[in-house]
Amino acid sequence: MRFIFLAIPATVLGLALFHFAWEALGLGLGVNLPARLELGTWLLESVGLTTLYLLLRGAAPSPGKSRWLDGLMTGWIAWVFRGPALVLSLGAAGALPAQPGWVAAGWLVAYSICGLVLVALARRMEG
């Protein structure tokens with residue numbers, strides 16, 4: 001339980017930092033959501049990433065299984081379910097800039113980093 005209580009805020013912070021950096025580089029969507037809605041989506045994504053990592057890691061990890069690969073797979077699976085479908089549908093609706101592929105690639109990087117943050121946190125908690 002301690003891992004869950006630390007992992008969710010850590011991944012929310014990771015997503016927020018990524019969003020801030022993305023906007024600072026001028027690559028954002030140009031859509032200003034209310035702060036509560038944005039925080040709520042980050043919280044929902046964080047719970048999903050943490051749950052997915054725990055499911056991939058299993059209750060008793062085997063010694064041959066790579067933790068880092070579990071973290072990357074967490075991010076990549078989450079990206080498959082969120083990233084391309086959302087970006088392509090928004091791009092088709094004309095709500096994205098001319099290069100929606102950059103947005104999808106950016107979220108792949110963000111989710112991969114969040115997955116690695118979960119691994120680092122899990123390793124730190126195990127000793």
- Work through the residues other than Thr50 whose Cβ is under 13 Å from its Cβ and net out their charges, Lys, Arg +1 and Asp, Glu -1. 0
- Give me the distance between the Cα centres of region 1-30 and region 33-53, rounded to whole Å. 9
- Query: So for the pair Leu69, Leu44, with labels modelled 7 Å out along Cα→Cβ, what separation do we get in nm?
  - Reply: 3.3
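The numbers here are math on the coordinates, done by the rules we state, and not lab data. This is a predicted model, so every value here is computed, not measured. We place every Cβ from the backbone using ideal geometry, glycine too, and count neighbours over all the protein chains shown.
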